[in-house]
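Derivation of every value follows stated rules applied to the coordinates shown; laboratory data play no part. Source: prediction; values computed, not measured. Cβ sites come from the backbone with ideal geometry, for glycine too, and all protein chains shown count toward neighbours.
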Amino acid sequence: MTTNNGLLLIDKPRGVTSHDVVAHVRRVLSERRVGHAGTLDPMATGLLILGVGPSTRLLRFAQSEMKRYEGVLTLGVRTDSLDADGEVVEEGPVPQFTPEAIDDAIRGLIGDQEQIPPMVSAIKVNGRRLHALAREGVVIDRAPRAITVYTLSVTPIDEHHWSFDVTCSVGTYVRVLMSDLAERLGTLGHLSALRRVSSGDHEVSDALTYHDLDTRVSQDVPVLLPPRAFVEHLPAVTVSEDEERRLRMGQRLEFSVPSGEEIAAFSVSGHLVGVLRRRGDVWQPEIVMHAVA
């Protein structure tokens, strides 16, 4: 029987919400404790990282990762949501672009910057989702967010459609980025396809589809990565049985770790004991996982 504690990679299909994926996994695994890191819009496909069972406490370590997307930008048409799920609000001509103009527009979008989230988004303002306000015709000021675009490349498919590949920080709205690119080129644009291909060290090629998940679980084939998969990027220490016991009692320990504010503690058998936070010269247990029998 599948052990309900770990990390699950799902290749989200188009047309379902991230919440729908969580609900599906809950049903298939018969596990109430399921959460996800990094929401994907219904029109988007690709990698969704989920925490199952006690590992939901580790989801924040997946939410801070760098992400890579592939997709299609449609030029000459703007929608109210800036993607293909929205209503067309404006159309305009698509001029001929020189390679130099395209390169200049892309260069202007690479690096650290501030991005204003779209009205059609799941962000809460005064307790209400922006997309709910947008449906009522309400538009409010949104605080800009600091983001980073690491790489961005485009390849024309035809006059009105470009494929793109972008690597960016968490919190980046790719549909806003593509709309900004179109504006820099002197036209309009919206996102007509989007696929998340990686998040941190996790790749969509390693993810399961709904069908894969259902089939493997019905055959009692393990589908979860161990909890340690959430924290592989953290500095790590191996603790003795006595140190593990003390950590589980909430006691602070001393370790010689040159840098970092958080470390992952593993048992001698390789299981994740917990995540510790620096407190001066000692390390305080912040998250302690269940002991493995």
If each residue of separation counts as 0.36 nm, what is the full-extension length gain between residue 281 and residue 160 once their alpha-carbon separation is subtracted? 37.7 nm
In nm, what is the difference between 0.36 nm times the number of residues separating residue 100 and residue 33 and their Cα-Cα distance? 19.0 nm
Remind me, relative contact order of the chain in percent, using alpha carbon pairs under 8 angstrom and six or more residues apart? 22 percent
Once residue 268 and residue 246 are pulled to full extension, the length gained, defined as 0.36 nm per residue separation minus their Cα-Cα distance, is 6.5 nm
Residue order, fewest to most surrounding Cβ atoms within 10 angstrom, among 233, 190: 233, 190
When the chain is modelled as a GNM with alpha-carbon springs shorter than 10 Å, which of 268, 204, 25 fluctuates the most? 268
Förster radius 45 Å - calculated FRET efficiency between residue 257 and residue 88 (Cβ-Cβ, nearest 0.05): 0.25
Mean-square fluctuation maximum in Gaussian network of the chain, Cα pairs under 10 Å, restricted to 153, 218, 64, hits 218
Is it possible to state the helix-based mean residue ellipticity at 222 nm for the chain, with each DSSP H run of 4+ residues giving -39500 (n - 2.57), the sum divided by total residues, to the nearest 500 deg cm²/dmol? What is it? -5500 deg cm²/dmol
For the chain, state the average projected area of the convex hull of the C-alpha atoms over all orientations, rounded to one decimal in nm². 18.2 nm²
Looking only at the chain, where both bridge partners belong to it, what percent of the DSSP beta bridges are antiparallel (to the nearest 5)? 90 percent
Please list, in order, the residues from the range 1-37 whose amide nitrogen is less than 17 Å from a point placed 7 Å along the Cα→Cβ vector of residue 205. 9-11
Are there trypsin sites (Lys or Arg not before Pro) in the range 26-122 that DSSP marks as loop and that have at most 14 other Cβ atoms within 10 Å, and which are they? 32
With springs only between Cα atoms under 10 Å, which of 24, 202, 211 fluctuates most in a Gaussian network model of the chain? 211
Just in the range 41-100: which GluC sites (Glu not before Pro) are loop by DSSP and have at most 13 other Cβ atoms within 10 Å? 87
With residue 113 itself left out, Lys, Arg at +1 and Asp, Glu at -1 over residues whose Cβ is under 11 Å from its Cβ give -2
